1. Touching a residue at least 60 places away in the same chain (Cβ under 8 Å) and under 16 Å from A48 (Cβ atoms), is that true of V124?
2. Could you tell me which of the residues I251, I235, I294 is more than 22 Å from T177 (Cα to Cα), crowded, with 23+ Cβ neighbours inside 10 Å and more than 16 Å from the ligand (Cβ to nearest atom)?
3. Taking interchain pairs and intrachain pairs at least six residues apart, which have beta carbon atoms under 6 angstrom, with the first residue in the stretch 274-297 and among the charged types (D, E, K, R) and the second at pLDDT 95 or above?
4. With respect to A207, is the statement that it is touching a helix residue (DSSP H, G or I) at 6+ places or on another chain (Cβ under 9 Å) and of a type outside the set (K, R) true?
5. Of the conditions (1) within 16 Å of the ligand (Cβ to nearest atom); (2) closer than 25 Å to E377 by Cβ, D160 fails just one. Which one is it?
6. When only residues in the stretch 163-220 that are within 16 Å of the ligand (Cβ to nearest atom) and among the hydroxyl-bearing types (S, T, Y) count, which is farthest from the chain's Cα centre (by Cα)?
7. Tell me which of these A275 doesn't satisfy, since it passes every other one: (1) part of a strand (DSSP E or B); (2) exposed (fewer than 15 other Cβ atoms within 10 Å of the Cβ).
8. Tell me which helices (runs of 4 or more DSSP H) are completely within the stretch 281-371 and hold 1 or more residues being hydroxyl-bearing (S, T, Y), or say none if there are none.
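The values are calculated or read from the model by the stated rules, or taken from the named source; none is laboratory data. What you are looking at is a predicted structure, and each value in this text was computed from that prediction instead of being measured. Please note: Cβ atoms are built from the backbone with ideal geometry, for glycine as well, and neighbour counts cover all protein chains shown.
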Amino acid sequence: MYKTTDDLGSGGVYLDSFEKKKPDVEKRGGLNLDVFDPQLFRKNAEIAISKLERYLADSSIRGLALTDPSVLFQAAKDLMTGEYAGISSNGSNEEKLGAIIDLYLKTGIQVYSTGYMGRQFSGVIPLSGVIDLISSIVSQPSSFYEAGQLPNVAERIMADELNRFIGWERERFAMVTTSGGALANLTALLAARNDKFPEIWSEGTSALQGRSRPAIAVSEDAHYSVRRAAGILGIGEEQIVRLPMNRQRQICSEKVRPALEAARQRGLKVFCMVASAGTTSVGAFDPIAKLAEIGAEKNIWLHIDGAHGASFLVSDKLRHKLTKIEEADSFCWDAHKMMFVPAACTLLFYKNKEKSHGAFRQDASYVFEETPDMYTELDSAEKNFECTKRPLIMNLWVLWTIYGRRLFADKIEYLCRLTEHAYRILEDEPDFETLHRPEANILCFRYLPPNLKERAVRDFQVSIRNRIREDGRFFISKVAIDGTGALRVVFMNHQIDTGHFRKLLREIRRTGQELLTEKSPIN
Ligand SMILES: *Cc1c(COP(=O)(O)O)cnc(C)c1O
């Protein structure tokens, strides 16, 4: 047992006792012990790292080279020919590894390129790749302190670090990591349901016979995972109450009380409201303060889906978008979006620690201790659905430790400024239509040249987007806004500037005109 920090000091424990173990083939049957050779690991890692270095250094503008799936199946299967037969001395396994890495890099969306403006996942801060390598090798699942000591401590430290921007009492709140925002939303809604309808956990929905049906109120633009969660939790998709939005596509706070009242008259009991801090479609922030006030008045749990925008908390300039987040009962935060770590790393925060245990009420005495000791009180298993779980927090904690808050704030602020500039550029272009004033790093717009027929608008935007994807220089996404297709860019890469955006607009115009001159249903 390590009892003092001196015991944990840099002792070189491993180096002192380093000695190459001789594989003892006899005693292990045919098991190929060379596979486990630490030096082989080093060689393989060096192959990967030199290829990744080149990949990161490539500054060409490129989007995605879509591969015919049958071609990719063939290429992947070709690499699998022959039964694995030991490490051959001619280095063929290294060649194979090199070919696999090349195929992996080549067929991906080129997230480090300035042509990538497509989605909310992005190139990562490269050091996190190094941490992921370590996490894979040390293999310390993080739901229990005894299995992942440092990850569990790091999780508690990061919760406190980030709570500096929330302001809860240290002893009262809780944070748990989940594999993604969708799972965090499900978990929070489960905690909310168990809080407001505790009998359902053991009795099922039959406990509600003859009573008002539980319902969840969300905006039109809420992420689809909320609707799914309603299905999974036995609430039912039909018990989703839609809260009207204003022109900025935020929940319109004046219309919330009437919408809740109308739901009540239809026999629904809204027990939870879900607001977005950064909607997926346009990056809109719902009015947290107003919703918290209504939630408190009506005993409704308020969950904030901050998968995209909760990262704004670390920026002095942008934090105001989340004013009163401390009034929410729970909120989620995807670090793999605007904190630029590899997927998945989601943080789910609860204002009230006890409620976090409410999500999964059950006994599993072989893992959950009746009376926690100093170790087991750090276990997070009773707060999350996952049993074996990656040490999700490690990348974020290490980046935070080594680079500090400023790196994240600077990058997020730059991306939001860039989006505002792009918006102004579009406002000056008569053949483009903007659809919202951006609040984050997401911008939706349409290309509407004078020679386009009104009824073709929807298909036209989608066709432009798909053609651009095929061409492979830029990668952008599409979205339906008010039932009509639109183009969507998400700026995640700080190497992009307004020059790249202007290039994209030229590409959109060229592609659009090309489509209009082709014989197609659009024309
Ligand atoms: C991305 C996103 C999600 C889903 O999160 P995952 O990490 O992809 O599971 C949920 N809500 C919003 C608002 C999102 O942008």
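1. yes
2. Working: I251 fails: more than 16 Å from the ligand (Cβ to nearest atom); I294 fails: crowded, with 23+ Cβ neighbours inside 10 Å.
Residue meeting the stated conditions: I235.
3. So the pair list comes out as D286/Q250; D286/I251; D286/A275; D286/S276; K290/S253.
4. Considered against the rule, which asks whether it is touching a helix residue (DSSP H, G or I) at 6+ places or on another chain (Cβ under 9 Å) and of a type outside the set (K, R), A207 comes out as yes.
5. All conditions are met except number (1).
6. Ranking the candidates gives S219 first.
7. (2)
8. 353-357
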